[in-house]
Every structure is written in structure tokens, then in C-alpha cells.
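Okay, structure first, notes after.
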Amino acid sequence: MSARDEILGRVRQGIGKADFAVRRAAAVAALNSPMRGPQPSMKADLVARFRAKAEYLSNTVAAVPGLDKAPAAVAAYLAASGLSGEAVATADVASLAWASAGLQVEARPAVDADKTGISSCFCAIAETGTLMLLSGPDSPATVSLLPETHIALLEVSRIVATMEDAFALLRAERGSLPRAVNFISGPSRTGDIEQTIVLGAHGPCRVHLILIGELS
């Protein structure tokens with residue numbers, strides 16, 4: 001054995017590389033039981049907390065009792081904002097009665113010319129007022145990122161307390177991460193020029209949330 005091999009052998013033993021099975025088992029155990037750091041103290045009403053945080057981040061928020069009421073709520077928001085009734089949507093919400101609400105909605109990825117994108121949300125985080133969106137064949141990320149206006153449909157039952165809870169829900173329901181996980185905390189913004197906040201710098205300049213379900 002050369003001096004080099006002897007030295008590397010000692011290093012491997014020192015850091016435990018000599019027993020791969022033990023190290024692998026420890027790594028798997030750590031991944032399956034992730035430790036959590038300090039958690040904020042929050043009241044039981046996660047919906048109210050989420051709404052307050054979302055509005056603080058310059059989102060606008062409306063609420064409807066059921067998903068079937070979402071098209072009318074979207075149409076009302078677009079009309080009040082002076083926006084066109086044309087939009088693209090993720091496939092998981094494209095089957096709603098958009099035409100009955102006077103809207104022209106296509107289920108496809110967004111392109112630069114699209115002005116409004118409508119998407120569902122995997123869940124939302126009450127601590128920060130943040131949406132969690134997962135990419136996939138039925139939910140292309142472009143719908144929430146390219147248009148100037150993003151309208152998100154959020155079931156209130158999908159509001160969790162913290163980001164750790166959001167990832168725990170993702171692991172429980174999906175098992176593995178999708179290609180992309182996008183966290184959206186209000187309209188795109190920058191303060192690079194004279195520390196003046198400008199919305200829509202590199203994404204939507206308007207984010208409108210429609211909460212779906214009974215509010216506590």
C-alpha cells in the first residue's frame with residue numbers, strides 16, 4: 001500500500017466512509033424525519049392570517065363559497081380593473097364555466113402576448129402570505145409567471161401554517177418533488193432604482209387571490 005492510499009484510508013475511516021450502509025441509513029432517517037427550527041406563534045385562524053399577510057404584500061383578495069362561483073368572481077375583478085376577458089389557465093381549472101361568465105379562457109401554457117393567467121394552488125402559507133405552486137403537465141409555470149395579471153384560485157382548506165408544513169404536505173401527497181416548485185409572495189417587485197419599489201419588474205404586476213370555501 002502506498003503512502004497516499006494509507007492516508008486516504010485513514011481519512012475514510014475518520015469520516016465514516018468505511019461503513020456506507022450505516023451512513024446511508026442515517027441519511028435516509030434524517031430525510032424521513034426532518035428537524036424543524038423555531039416556529040412562529042400563530043392563532044388558530046390561518047385563513048385570516050394568510051389574507052392579512054397576502055394583502056400586505058400588495059395582493060388583492062376576494063372570497064367565494066365554492067369553486068363554481070370562481071368564474072363570476074374572476075369576471076368581476078377583470079371588469080373592475082379595466083382588463084380584457086381573455087385569459088389562459090392551467091388545465092386543472094380550465095373546465096370551469098368560464099364562458100358562462102363572459103370570459104374566453106384557454107387551457108395552455110402562457111406566451112408573452114397573454115395578459116392574464118389563471119391557476120390553482122397546491123397550497124398556501126399563512127405565516128408569510130405565500131402561494132405554493134407545482135409545475136406539471138396540467139400546471140405549466142408560465143401561466144403564473146408570464147402574464148401581467150395572475151389570478152390564483154385557492155381552496156381555504158389548503159392553507160397551512162408554515163413552509164415546513166407545506167413541504168410536509170408535498171411529501172405526503174406527492175412523494176417526490178416536481179420539476180419546479182414556485183413560491184409566490186405578491187406581485188413581482190424591485191427596489192433597485194433609488195430604492196423605489198416598482199411592481200411588475202420581472203413577472204406579474206398584479207396578483208389577485210380568490211379564496212374558495214367557508215371562511216371561519
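The values are calculated or read from the model by the stated rules, or taken from the named source; none is laboratory data. This one's a predicted model, so the numbers in the text were calculated from it and none came from an experiment. When we count neighbours, we look across all protein chains shown, and the Cβ atoms used for this are built from the backbone with ideal geometry, even at glycine.
Listed values, structure above:
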{"item": "Any hit, segment 11-29, residues being surrounded by 14 or more Cβ atoms within 10 Å (Cβ to Cβ), aliphatic (A, V, I, L, M), modelled with pLDDT of 75 or more and within 26 Å of Leu169 (Cβ to Cβ)", "result": "no"}
{"item": "Unmet requirement for Leu199, which otherwise passes all of (1) at pLDDT 90 or above; (2) in contact with a Lys or Arg (Cβ under 9 Å, 6 or more places away or on another chain)", "result": "(1)"}
{"item": "Sole residue being assigned by TED's automatic domain parsing to the domain that holds Cys121, more than 20 Å from Met35 (Cβ to Cβ) and surrounded by fewer than 17 Cβ atoms within 10 Å (Cβ to Cβ), chosen from Ser176, Ser139", "result": "Ser176"}
{"item": "Those strands (runs of 3 or more DSSP E) lying entirely in segment 77-132 with at least 2 residues among the aromatic types (Phe, Trp, Tyr) and free of Cβ contacts under 8 Å to residues at least 40 places away in the same chain", "result": "none"}
{"item": "Evaluation of Val156 against (1) surrounded by fewer than 16 Cβ atoms within 10 Å (Cβ to Cβ); (2) in contact with a helix residue (DSSP H, G or I) (Cβ under 8 Å, 6 or more places away or on another chain) (one fails), failing number", "result": "(1)"}
{"item": "Every residue from segment 30-71 that is part of a loop (DSSP other than H, G, I, E, B) and crowded, with 17+ Cβ neighbours inside 10 Å", "result": "Asn59"}
